[in-house]
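Participant: Below is the structure I would like to discuss, written out as structure tokens.
All of the numbers you see were taken from the coordinates with simple rules; none came from a lab. What you see is a predicted model; the values in this text were computed from it and never measured. Counting neighbours? That spans all protein chains shown, and the Cβs are built from the backbone with ideal geometry, glycine included.
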Amino acid sequence: MPTQKVIVLGGGLIGGVMAKYFAEDKDFQVTVADISKEKVNKLAEEAEIKGVVTDLSDSKAIKKIVADQDIVIGAVPHFLGFNMLRSVIEAGKNVVDISSSTVMPENNLTLDGLAKKNGVTAVVGMGLAPGMSNMIVGYVDSLLDETENVLILVAGGIPIVREWPYEYKLTWSPIDVLEEYVDPARVVECGKVIEKPALSDLELVNFSKIGTLEAFNTDGLDSLPYTIKASSMKEKTLRYPGHAEKMRILRESGFFSDKPIEIGGVKIKPIDFTAKLLFPQWEMKEGEEELSVMRIIVEGKKGQKRLRYTYELLNYFDKETKTTSQSRLTGFPCAIAARLIAQGEYTRQGVCPGEYIGQDHKVYQRMMEELEKKNIVYEKNVVEV
């Protein structure tokens, strides 16, 4: 097979992981595009990666740089994701994106017709959650006769050393973290999609190797409520106990508001002020390490039996490569999916959330095999209940 060209749109922590993944493969030529010259140059110095400095909010610029590429990977912040995806689909290029959105009007699923018209495979939300969570739920759903309950518990940025007051470290887009604490969480109850406040339904959950974490509602189900039929479905984010209450206080006090207020004759958005204070405290510093944890529980019927499938993942900061667990757990699934598309192993056209990959058992197994090579292992347990 001749060398293929892959371009990663976004050179941050996760985009860098994916670019280096392809740089290790002689069958690919990899390019990274980012508005930051510093990020592009840094990656070019670290591996055999070409760099392009460009504005990824500009549709014309995106179409220009992907024109001669074989596969495109999206690693831009969430608020840029829909425009990026649409631009790449309009350019007629296959694409895999770490972000996703099923919130109208910027709903990635609305691009399905355009993707099919242009003969494009567009895998969306292919990270950790959404992404692997969706893929596993889709896989189990395809095994069951009837899926009843789905619960996804997930966390990244859990510091090994707890540091007051927040006990949290940034491992992905900062603005997306704050949105997680503000945006209503869509859950499924009694077969209907409803909204609950973010940070609600707080509960404590025990994990044998790391102890007790708190879990609270966040809007992480993404496309699952619209593609998988279940009576109950929810996703909760995990943090060290006490974190959610601090975030609720800030939110309810207006610190996360995007409505400008005037201070000393200057108008500012409270969320910009809050971010300026919080992000330096949450930033991963040299020598610090973090972990990511996930638990997925899917219950349903198979014949006369009622089964519970449980998948658990615990992954730590990689000291050898100095990369966060969150960046690898998000970047590798996306990169592997892109490689499978480039090599013709996944060919479904249209907009494809992770659960569609899970329904393709051969591709699902390939994904899991490739992830194990990167020491990313999902422990599976099935019991009759």
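Participant: Can you tell me the FRET efficiency between V385 and K209 if r is taken as the Cβ-Cβ distance and R0 is 25 Å, rounded to the nearest 0.05? Write down the numbers at each step before the final one.
Facilitator: Details: r = 24 Å, r/R0 = 0.96.
Between V385 and K209 the formula returns 0.55.
Participant: Name the shape class, rounded, prolate or oblate, that the alpha-carbon gyration tensor gives for the stretch 107-157, where a ≥ b ≥ c are the square roots of its eigenvalues, rounded holds for a/c under 1.5, and otherwise prolate holds if a/b is larger than b/c and oblate otherwise.
Facilitator: On the way: a/c = 2.80, a/b = 1.48, b/c = 1.90.
Because a/c hits 1.5 or more and a/b fails to exceed b/c, the stretch 107-157 counts as oblate.
Participant: List E369, E290 from most exposed to least, where exposure is judged by having the fewest other Cβ atoms within 10 Å.
Facilitator: Values: E369 10, E290 22.
Final ranking by Cβ density, sparse to dense: E369, E290.
Participant: I need I62, I263 ordered by Cβ neighbour count within 10 Å, fewest first.
Facilitator: Numbers: I62 29, I263 10.
Going from least to most buried by this count: I263, I62.
Participant: Tell me which lysines have Cα within less than 21 Å of K285's Cα, excluding those fewer than 8 residues away on the same chain?
Facilitator: K39, K42, K169, K276, K319, K322
Participant: Further question: Place the peptides 123-135, 37-49 in order of packing, highest mean first, counting for every residue the other Cβ atoms within 10 Å and averaging per peptide. Don't skip to the end; give the middle numbers.
Facilitator: Working: 123-135: 28.9, 37-49: 15.5.
Going by the mean number of other Cβ atoms within 10 Å, highest first, we get 123-135, 37-49.
Participant: Quickly work out the K269-to-I160 label distance, labels modelled 7 Å from Cα along the C-beta direction, and quote it in nm with one decimal.
Facilitator: 3.6
Participant: What shape does the stretch 195-323 take by its C-alpha gyration tensor, where a ≥ b ≥ c are the square roots of the eigenvalues and a/c under 1.5 counts as rounded, a/b above b/c as prolate, and the rest as oblate?
Facilitator: Numbers: a/c = 2.59, a/b = 1.51, b/c = 1.71.
It comes out oblate by the Cα gyration axes.
Participant: I've got another one for you. At a Cα cut-off below 15 Å, give the aspartates and glutamates reachable from K301, other chains included and same-chain residues fewer than 8 away excluded.
Facilitator: Of all the aspartates and glutamates, those that pass the test against K301 - Cα under 15 Å, at least 8 places apart if same chain - are D141, D145, E146, E148, E384.
Participant: Looking at the square roots a ≥ b ≥ c of the eigenvalues of the Cα gyration tensor of the stretch 4-124, which shape do they give, rounded for a/c under 1.5, prolate if a/b is larger than b/c, or oblate?
Facilitator: prolate
Participant: Right, another one. 7 Å from Cα along Cα→Cβ at both E24 and K302: what's the point-to-point distance in nm?
Facilitator: Here the answer is 3.3 nm between the modelled labels.
Participant: Would you order C352, C190 from fewest to most other beta-carbon atoms within 10 Å of each residue's own beta-carbon? Let's see the in-between values first.
Facilitator: Working: C352 26, C190 7.
Listed from fewest to most nearby Cβ atoms, that is C190, C352.
Participant: Can you report the principal axis dimensions of the chain using only the alpha carbons, biggest first, rounded to whole angstrom?
Facilitator: 68, 51, 42
Participant: Under a Cβ-only charge scheme (Lys and Arg +1, Asp and Glu -1), can you give me the dipole magnitude of the stretch 94-191 about the Cα centre, in debye to the nearest 20? All intermediate terms of the calculation are to be shown ahead of the outcome.
Facilitator: On the way: 5 positive and 14 negative charges, 73 e Å.
With only Lys, Arg, Asp and Glu charged at Cβ, the dipole is about 360 debye.
Participant: Can you tell which of S59, I49, V150 lies farthest toward the positive end of the dipole of the chain, using +1 and -1 charges on the Cβ of basic and acidic side chains (Lys, Arg; Asp, Glu)?
Facilitator: S59
Participant: Turning to a different aspect of this structure: 7 Å from Cα along Cα→Cβ at both Y378 and L114: what's the point-to-point distance in nm?
Facilitator: Going by the 7 Å Cα→Cβ label model, 2.9 nm.
Participant: Identify all aspartates and glutamates with a Cα-Cα distance to K362 below 15 Å; exclude those on the same chain that are fewer than 8 residues away in sequence.
Facilitator: E345, E370
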